[in-house]
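Please treat every number below as a calculation from the coordinates, not as lab data. Note that the coordinates shown come from a computational prediction; the quantities given were computed from them, not determined experimentally. Glycine gets a Cβ as well: all are built from the backbone with ideal geometry, and neighbour counts include every protein chain shown.
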Amino acid sequence: MNTVGTRTIETERLVLRRYRIEDAEDMYGNWTSDEEVTKFMPWPTHESVDFTRLLLTEWVSYYEDGGTYNWGITLKGDDHVIGNIAVVSKNENIRSFEIGYCLSRKCWGKGIMPEALKAVILYLFDGEKDLNQITATHDTRNEKSGHVMQKAGMHFEGVIRESKLNAQGLHDTAYYSVIRSDLVTRKQYEDLFMEMHQNFFEREYVRNTEEGKVASEMLLRLQEFDSSKYAKDLPDVTFGFYDGPLDVLHEAVKKVNPNWVKNFTEDMRFYCALVEGKIASFCIIDDFGTHEVNGMTWKIAGPGCVGTVPEYRDRGLGLTMISHVTKILRDEFYDYSYIFYTYVDKWYEKLGYTTILKWDKHGFVDF
Ligand SMILES: CC(C)(COP(=O)(O)OP(=O)(O)OC[C@H]1O[C@@H](n2cnc3c(N)ncnc32)[C@H](O)[C@@H]1OP(=O)(O)O)[C@@H](O)C(=O)NCCC(=O)NCCS
């Protein structure tokens, strides 16, 4: 992995900077000597400032290796270190870093550590182009540390019992992580959308959309898809790819939206729910191609022109069909399932899809 090393990071209230040997007194006075702070740390409380100085001497020498990430936290306008944040381990195989931190007790409860952690996460993903994951852990009894991770936008992954050691002995450990794809920005989603749908807002059907009508774009990371999330027992329904006559399919589509019929052409993949051999729900499976997003390569597909013929609605047919399609896309090794242009975002949310963009006839809108 390429490395940027420990450079100064500024946030709204903080400056994270490299340590100097002269920080030993502040470091010792503010946290390494305080048993309340070190209670859940994997290292023992320091018994003298000399010990802290020795450690600092070592830490400072590590900066020569560009791959070291270890910051002293200071408040803007005051150069004294009040805490520490660092990359404490690396797993190069899976391109993952673990972060550890601690903070002077007098600074607790002010949102300082979430601010530092958020900044370090962005710094690392920005500087380390290959980095895919950042993790952090805490002793389950140290709930405050979990709040820091949550506030910094990390995802709780679970608890592994007695998996780490600190001054209290073996402890149950809560694991948090953030992966690169969690950090895609609205601008990056807009770029992705415009790449998939060139000149979209100049198209006639978009310009003719009713004033004030807002459509959603939705996404689901297929590795996260839980096919048990929506399960209905539908014994009289058969699901599968449709390879019957196109005009029969067109008749069903016409009952839902006559404007869609032209989209159902010979060269596409269709998926349907059949009741007594009749088409009750249908969709196209669109391949949106492979795209570069925030340094990642995403293979994207998704169900489009989704409909349930009116007499079969509200029985769970449509959503169960989309659940099947989503599972198929996952099994075909797509990375994301994408819902293009929908007004039923609440419906798709039941399967775990989330809205990434909204637009009206004039362009993207805030939400
Ligand atoms: C949207 C549509 C496909 C839903 O089909 P359906 O087969 O009736 O939907 P389901 O029965 O599978 O719905 C499953 C669940 O979602 C709920 N639901 C249905 N429509 C919903 C909506 N618009 N918003 C939120 N929830 C909805 C149902 O109440 C049901 O809830 P439950 O199982 O938790 O009790 C259908 O109404 C339709 O064809 N509409 C016109 C075309 C359209 O808008 N397609 C979407 C284009 S992207």
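Against the chain, whose longest principal axis is taken from its Cα atoms, helix 49-62 shows a tilt of about 50°.
At a threshold of 8 angstrom on Cα-Cα distance, excluding pairs fewer than six apart, so keeping six or more, what relative contact order does the range 186-365 reach in percent?
35
When the C-alpha to C-alpha distance is required to be over 21 Å, the pairs from LYS232/LYS358; LYS229/LYS346; LYS129/LYS187; LYS144/LYS164 that qualify are LYS232/LYS358. As a proxy for reagent exposure, ranking ILE9, ILE82 by other Cβ atoms within 10 Å from fewest up yields ILE9, ILE82.
Rounded if a/c is under 1.5, else prolate if a/b beats b/c, else oblate: with a ≥ b ≥ c from the C-alpha gyration tensor eigenvalues square-rooted, which is the range 48-174? Before the final figure, lay out the partial values.
Values: a/c = 1.28, a/b = 1.12, b/c = 1.15.
It is rounded, given that a/c, with a ≥ b ≥ c, falls under 1.5.
Spin-label model, GLU251 to ILE21: label points 7 Å out along the Cα-to-beta-carbon direction sit 8.9 nm apart. Tilt of helix 317-331 relative to the longest C-alpha principal axis of the chain, in degrees (0 to 90, nearest 10)? Helix 317-331 sits roughly 60 degrees off the main axis of the chain.
Rounded to the nearest whole Hz, the Karplus-based 3J(HN,Hα) values (6.51 cos²θ - 1.76 cosθ + 1.60, θ = phi - 60°) of the range 263-274 follow the sequence 7, 8, 10, 3, 7, 9, 9, 10, 10, 9, 10, 10, with x at glycine and proline. Between HIS197 and THR45, the contour length at 0.36 nm per residue exceeds the alpha carbon distance by 48.9 nm.
When shorter helices are ignored and each DSSP H run of at least 4 residues is given -39500 (n - 2.57), the per-residue value for the chain at 222 nm works out to -7000 deg cm²/dmol.
Using alpha-carbon pairs under 8 Å, 6+ residues apart, how would you state the relative contact order of the chain in percent?
Computed value for the chain: 14 percent relative contact order.
Our analysis of the range 186-365 gives Rg over Rh at 0.95, with the two radii drawn from alpha carbon positions and Rh computed by the Kirkwood formula. In this structure, the amide hydrogen of THR11, modeled 1.01 Å from its nitrogen in the peptide plane, lies closer than 5 angstrom to those of LEU16, counting only residues at least 5 positions away or on a different chain.
Counting Lys and Arg as +1 and Asp and Glu as -1, each charge on the Cβ, what is the dipole of the chain about the Cα centre in debye, to the nearest 20?
Details: 43 positive and 58 negative charges, 135 e Å.
My answer is approximately 660 debye.
Label positions at THR297 and GLU332, each projected 7 Å from the Cα along the C-beta direction, are separated by 1.9 nm. Ordering 59-66, 203-210 by mean Cβ neighbour count within 10 Å, with the highest value first, yields 59-66, 203-210.
Ratio of Rg to Rh for the range 155-206: 1.46 [Cα atoms; Kirkwood radius as inverse mean 1/r over pairs].
Residues of the range 18-33 with an amide N closer than 19 Å to a point placed 7 Å from the Cα of LYS144 along the Cα-to-Cβ direction: 27-33. Peptides 158-166, 112-120, 214-222 ranked from most to least packed, by the mean per-residue count of other Cβ atoms within 10 Å: 112-120, 214-222, 158-166. Residues HIS171, HIS197, arranged from fewest to most other Cβ atoms within 10 angstrom of their Cβ, appear as HIS197, HIS171. Rg/Rh, computed from the Cα trace of the chain with Rh as the Kirkwood radius, has the value 1.10. Angle between the Cα long axis of helix 112-127 and the longest principal axis of the chain, 0 to 90 degrees, nearest 10? Tilt of helix 112-127: around 70 degrees.
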